[in-house]
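Notes follow once the structure below has been shown.
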Amino acid sequence: MHGFANPKRFLSLARWLTPLLLGSGLLLVAGSLYWGLFQVPPDRLMGETVRILFLHVPSAWLGMGGWTAIAISSLVFLVWRHPLAALAARAAAVPGLVFTVICLATGSIWGRPTWGTWWVWDGRLTSMLVLAFLYLAYIALAQAAEREGVSPRIPAIFGLLGAINIPIINRSVVWWNSLHQPPSITMGKSAIDPEFLVPLLVAVIGFSLLFGGVVLARMRALLADIQAEARLRRKAMEAA
């Protein structure tokens, strides 16, 4: 892990890994969405509306996965002082928020014909909405910490505390009576027909690769900004 703490070594890896992740992710996402939207037959209960599954489920997965990445990066930064860990957490926040918003939007669209309403205040939907607000708070806190020169430990601690919401989202349909369906995929088994499951798994992999590529690209951009600011500060000191 510490071998990639050197920014030069990290950039040499990210330079070729970023387009690889983005390219392969886009191909898998395009293929899986075409497969799910045009090739898979309608569901016997939900009909054509089941097709939103191939966007909703990967978005939910990466909404939670994004905050998991923030929590892990924050832990690494707080414990081992890994210099790029704080950047990784910041880089994961915006794409994590985007996928969380997509999850909420597609869930509402799916809920209208399925439940007869756009929104219900059940455990799964409410905890997912809380996650969106946590993302907004983290992004604002991280930007304020950078702007005011405050220690990055503060957003890192917030990132760890916010992780409490992840198991709540995951287990909400089990703990509370909910309109949301129970888990369809658990360890070692699935309630989803293979005709739907295979393209869904391809979509999850594709969106995950895309997420990883975006995070690496954002890390490179944040690191470039820090290096540019350091060069300007050094030139100003030399001029003085």
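What to note about this one:
- Top-ranked residue of region 20-67 - restricted to ones that are β-branched (V, I, T) and open to solvent by 20 Å² or more (accessible area, probe 1.4 Å), ranked as farthest from the chain's Cα centre (by Cα): T49
- Within region 112-129, the set of residues being surrounded by 13 or more Cβ atoms within 10 Å (Cβ to Cβ), of a type outside the set (S, T, N, Q), in contact with a helix residue (DSSP H, G or I) (Cβ under 9 Å, 6 or more places away or on another chain) and in contact (Cβ under 8 Å) with a residue 12 or more places away in the chain comprises V120, D122, G123, R124, L125, M128, L129.
- Some residue of region 83-103 being polar (S, T, N, Q), more than 11 Å from the chain's Cα centre (by Cα) and either open to solvent by 30 Å² or more (accessible area, probe 1.4 Å) or at pLDDT 95 or above (or both): no
- Given (1) open to solvent by 40 Å² or more (accessible area, probe 1.4 Å); (2) part of a helix (DSSP H, G or I); (3) of a type outside the set (D, E, K, R), index of the condition I70 fails: (1)
- Within region 130-152, restricting attention to residues that are more than 18 Å from F99 (Cα to Cα), of a type outside the set (G, A, S) and part of a helix (DSSP H, G or I), the residue that is least open to solvent (accessible area, probe 1.4 Å) is L141.
- Near pairs, Cβ below 8 angstrom, 6+ apart or cross-chain, from region 84-107 (over 15 Å from T126 (Cα atoms)) to any residue that is in a loop (DSSP other than H, G, I, E, B) and modelled with pLDDT under 95: L84/A5; A86/P152
- Unmet criterion (only one of (1) open to solvent by less than 30 Å² (accessible area, probe 1.4 Å); (2) in contact with a Ser or Thr (Cβ under 7 Å, 6 or more places away or on another chain)) for G107: (2)
- Wholly enclosed helices (runs of 4 or more DSSP H) of region 153-240 bearing at least 1 residues within 30 Å of V29 (Cβ to Cβ), more than 15 Å from the chain's Cα centre (by Cα) and at pLDDT below 90: 165-175, 194-239
The values are calculated or read from the model by the stated rules, or taken from the named source; none is laboratory data. Keep in mind that what you see is a predicted model, and the values were worked out from it rather than measured. Positions of Cβ are backbone-derived with ideal geometry, glycine not excepted, and every protein chain shown enters the neighbour counts. Heads up: the accessible areas ignore ligands, DNA and RNA and are worked out on the full protein's heavy atoms, side chains in. Shrake-Rupley method; radii C 1.70, N 1.55, O 1.52, S 1.80 Å.
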